[in-house]
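See structure below.
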Amino acid sequence: MKQQLVIDRIEDETDRIRVITLRPQDGKELPPHTAGAHLDFDLGPLGTRSYSLIDWPGDARPAATWRIAVQREEDGQGGSMQMHGFQPGDRISATAPSNDFGLGDHAGPALLLAGGIGITPVISMATALAAADRPFALHYTARSRGLMGFADALGTAFGDKLTCHFDDAAPLDLAALFGGIAPDTHLYVCGPKGMIEAARAAANAAGLPDAQIHFELFATPQPQEGDSAFEVEVASTGQVFTIPPGRSIIEVLEEGGVDLIYDCQRGDCGICQTEVLEGTPDHRDVVLSDSEKAEGKLMQICVSRAKTAKLVLDL
Ligand code: FES
């Protein structure tokens with residue numbers, strides 16, 4: 001269900017990261033959310049954009065306002081630029097909070113790993129773990145100190161549970177991080193695709209099973225050089241659609257009246273997973289394992305494309 005929100009406050013965290021505080025337009029109580037939850041904002045012709053809710057220790061509960069952070073991406077598809085263009089008092093509509101990246105209730109220690117603006121859901125997770133007195137460590141990596149948002153506030157809130165890593169000075173060493181890790185540790189990682197894939201591989205190599213690895217991709221899918229158009233046939237109806245570069249299978253099929261189920265549209269939730277009956281997918285998600293990708297029988301139709309001229313999908 002959509003709700004109307006008013007932009008209450010805007011604060012610059014870094015040159016590119018802006019913190020936006022929102023309140024309900026009708027003045028009613030906000031629905032509850034759990035650590036790791038996000039809102040999907042309706043940006044009109046640009047579609048929806050997801051931003052994680054940020055909770056800090058000491059925040060009022062139930063929350064009277066919601067807080068998100070948006071990193072400006074000049075090379076993106078315009079969503080972050082539109083979000084940065086808002087002023088206090090502007091209105092925006094968003095879904096109620098949903099959470100594909102929750103902490104669960106396991107008893108083991110939590111290892112939180114965030115890359116860049118992927119820190120936002122992880123702040124809420126650290127806040128929830130600290131409030132519940134559950135054991136955790138937070139590792140936060142950025143390209144440089146100047147590009148890292150929230151470092152001071154994180155240090156104040158979480159003290160020696162926080163370790164910061166900088167690509168240009170003291171980069172994160174995944175092998176060292178996972179060396180000797182307790183076997184009941186749950187890993188929560190949020191950041192760009194390469195970081196998630198590397199962390200997942202290092203965690204597996206250290207003996208953590210996939211069931212203890214939780215991740216959320218924090219990047220809008222970008223077109224890649226050499227992307228070209230391909231056809232998708234909907235097996236149940238025989239309809240054929242052309243997917244041009246820069247548009248997803250979901251966007252084109254939905255516009256053509258095909259009923260689809262999906263959520264993140266970033267390739268990390270697995271909800272749009274579809275069986276491939278013919279053709280070879282070009283996988284761009286972080287959901288499928290390497291062997292599932294090589295098998296080519298399944299694909300995430302929000303981000304993945306085709307290596308062949310045509311795909312026939314079990315839709
Ligand atoms: S909608 Fe989440 S993986 Fe496609």
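The values are calculated or read from the model by the stated rules, or taken from the named source; none is laboratory data. All values derive from a computational prediction rather than experimental measurement. As a convention, Cβ positions derive from the backbone with ideal geometry for all residues, glycine included, and neighbour counts pool all protein chains shown.
Just a few scattered comments:
- All positions within region 265-307 that are assigned to a loop (DSSP other than H, G, I, E, B) and among the hydroxyl-bearing types (Ser, Thr, Tyr): THR280, SER289, SER304
- Condition check for ASP105: without any contact (Cβ under 8 Å) to a residue 60 or more places away in the chain, of a type outside the set (Val, Ile, Thr) and part of a loop (DSSP other than H, G, I, E, B): yes
- The condition of being touching a helix residue (DSSP H, G or I) at 6+ places or on another chain (Cβ under 6 Å) and of a type in the set (Phe, Trp, Tyr) holds for only one of PHE230, PHE218, that being PHE218.
- Note on region 265-285: residues that are buried (at least 22 other Cβ atoms within 10 Å of the Cβ), modelled with pLDDT under 95 and touching a Gly at 6+ places or on another chain (Cβ under 7 Å) amount to 1.
- Scanning region 221-276 for residues that are among the hydrophobic types (A, V, I, L, M, F, W, C), in contact with a Leu (Cβ under 8 Å, 6 or more places away or on another chain) and more than 16 Å from the ligand (Cβ to nearest atom) turns up PHE230, VAL234, ALA235, PHE241.
- Checking SER291 against (1) farther than 18 Å from ARG49 by Cα; (2) touching a residue at least 60 places away in the same chain (Cβ under 8 Å); (3) more than 14 Å from the ligand (Cβ to nearest atom), the condition it does not meet: (2)
- Restricting region 277-288 to residues that are within 18 Å of the chain's Cα centre (by Cα) and more than 9 Å from the ligand (Cβ to nearest atom), the residue that is farthest from PHE101 (Cα to Cα): HIS283
- Some residue of region 43-58 being in contact with a Lys or Arg (Cβ under 9 Å, 6 or more places away or on another chain), in a strand (DSSP E or B) and at pLDDT below 95: yes
- Residues of region 81-95 that are assigned to a loop (DSSP other than H, G, I, E, B) and among the charged types (D, E, K, R): ASP90 alone.
- When residues of region 251-264 are limited to those that are among the β-branched types (Val, Ile, Thr) and part of a loop (DSSP other than H, G, I, E, B), the one surrounded by the fewest Cβ atoms within 10 Å (Cβ to Cβ): ILE261
- Scanning region 147-169 for residues that are surrounded by 13 or more Cβ atoms within 10 Å (Cβ to Cβ) and either on the phi > 0 side of the Ramachandran plot or not in a helix (DSSP H, G or I) (or both) turns up MET148, GLY149, PHE150, LEU162, THR163, CYS164, HIS165, PHE166, ASP167.
- Selection of region 16-31 for residues being of a type outside the set (S, T, N, Q) and in contact (Cβ under 8 Å) with a residue 60 or more places away in the chain yields ARG16, ILE17, ARG18, ILE20, LEU22, PRO31.
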